[in-house]
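Data block below; observations after.
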């Protein structure tokens, strides 16, 4: 349980330093992380998402910067025989103008990057007037497999619960589920459930905190109630998830593993979605994340590690759901204050509202 603020001390959350870290990563990744260039769209989401959670997008970026990022994202929207979506980056084919948007078999849109592109554009308050909404529906249909799962790209690529979740969020934001077979997708989710009550990436895989969140969010996003969880299944999932918070206050992602900052979001959000957020000890959670702060900005996966945009964003997202019980009279209290987060699509509520309002297909 969260407990009270009596005799509870937390150092200040280094908001300015964390904003500086993700702003530096937006400007360019260090040489040691050049292998992440193929996922630049996701990195942009974690960086701008962190600024959004900190409510520093306007403060830390210029309108020129924001317009440049919007244009870069739109340059990654591409269309072809399988419909439309967003590429991870131009790492395969170099720059592509907005007018030259046809893709080849080697440069298809990517379902996870399409999800992150839509949320990043919402953070940047784009009006989505250039979005090929009907094309995205065709793209989703091309990615779904016979077993209900989704591949990252049409006709191939990785397939696990992550891609299914992205397809569900995209359909939810479009307010149009005609691009997916919901029943087959929900059956695939059920096949990923483990004996422990959590969910693996694929059928017969070990339960993992990230994919358990994805399963819970997808089931609650689905526009149908069949294949939903039974009361006993919900209890078992809650029990599995609640036991992943360790004595340190952090969460581990699998049974008998060490705590990792990212799972404070993945498992914390799972409990939140299931109506069991009160089982999270928000005081010890904040203490663990405070210890993961890197001295030069950003939040690391564990104390003593180097920070990165991924763990920074997910740590701030966890704190948005589970703010620590600090007295308003505490000098550090304002540094730990966040707006509410929408756990189903993983965005600040104000940003989630913008996305739903501007992305939905108007009939």
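A short reminder: the numbers here are calculations on the coordinates, not readings from a lab. Quantities reported herein were computed from a predicted structural model and do not represent experimental measurements. With ideal geometry, Cβ positions are generated from the backbone for all residues, glycine too; neighbour counts draw on all protein chains shown.
As a proxy for reagent exposure, 133, 272 were ordered by neighbouring Cβ count within 10 angstrom, fewest first; the result is 133, 272. For the chain, the relative contact order comes to 20 percent (Cα pairs under 8 Å, sequence separation of at least 6).
Rank these for me by crowding, 230, 61, 114, 255, going from fewest to most other beta carbons within 10 Å.
Numbers: 230 8, 61 18, 114 26, 255 14.
If I rank by nearby Cβ atoms, fewest first, I get 230, 255, 61, 114.
How high is the FRET efficiency from residue 175 to residue 296, r the C-beta distance, R0 41 Å, rounded to 0.05? Mind dumping the intermediate values first?
Working: r = 43 Å, r/R0 = 1.04.
Result of the calculation: an efficiency of 0.45.
Can you give the FRET efficiency for residue 328 and residue 64, using 1/(1 + (r/R0)^6), R0 = 35 Å, r = Cβ-Cβ distance, to the nearest 0.05?
Values: r = 38 Å, r/R0 = 1.07.
The pair residue 328/residue 64 has a calculated efficiency of 0.40.
Once the Cβ-Cβ distance of residue 228 and residue 357 is raised to the sixth power relative to R0 = 30 Å, the FRET efficiency obtained is 0.65.
Going by the alpha-carbon gyration tensor, a ≥ b ≥ c the square roots of its eigenvalues, is the range 73-214 rounded (a/c under 1.5) or, if a/c is not under 1.5, prolate (a/b greater than b/c) versus oblate?
Working: a/c = 1.96, a/b = 1.82, b/c = 1.07.
Here the range 73-214 falls in the prolate category.
Which of 313, 199 has the fewest other C-beta atoms within 10 Å, and how do the rest follow up to the most? Can you show the working numbers first?
Details: 313 27, 199 30.
Ordered from fewest to most neighbouring Cβ atoms within 10 Å, 313, 199 come out as 313, 199.
Okay, helix-only estimate at 222 nm for the chain: each DSSP H run of n ≥ 4 adds -39500 (n - 2.57), divide by all residues, round to 500 deg cm²/dmol; what do you get?
Details: 14 runs with 164 residues, N = 363.
Result for the chain, helices only: -14000 deg cm²/dmol.
The packing ranking of peptides 65-76, 117-128, highest mean first, is 117-128, 65-76, where packing means the average number of other beta carbon atoms within 10 angstrom of each residue.
Taking the highest mean first, how do the peptides 318-324, 236-242 order by number of other beta carbon atoms within 10 angstrom per residue?
Averaged packing, sorted descending, gives the order 318-324, 236-242.
Order the peptides 44-55, 182-193 from the highest to the lowest mean number of other Cβ atoms within 10 Å of their residues.
Working: 44-55: 24.1, 182-193: 19.7.
With the highest mean Cβ count within 10 Å placed first, the list reads 44-55, 182-193.
Nearest 5 percent is fine: what portion of the DSSP beta bridges confined to the range 15-359 is antiparallel?
Numbers: 14 of 15 bridges.
Within the range 15-359, antiparallel bridges account for around 95 percent of the total.
Percent of C-alpha pairs per 5 Å bin in the range 195-332, short distances first: 2, 11, 20, 22, 18, 13, 7, 4, 2, 1, 0. With the simple model of a label 7 Å out from the Cα in the direction of the Cβ, residue 183 to residue 246 spans 4.4 nm. Residues of the range 316-355 with an amide N closer than 15 Å to a point placed 7 Å from the Cα of residue 12 along the Cα-to-Cβ direction: 330-337.
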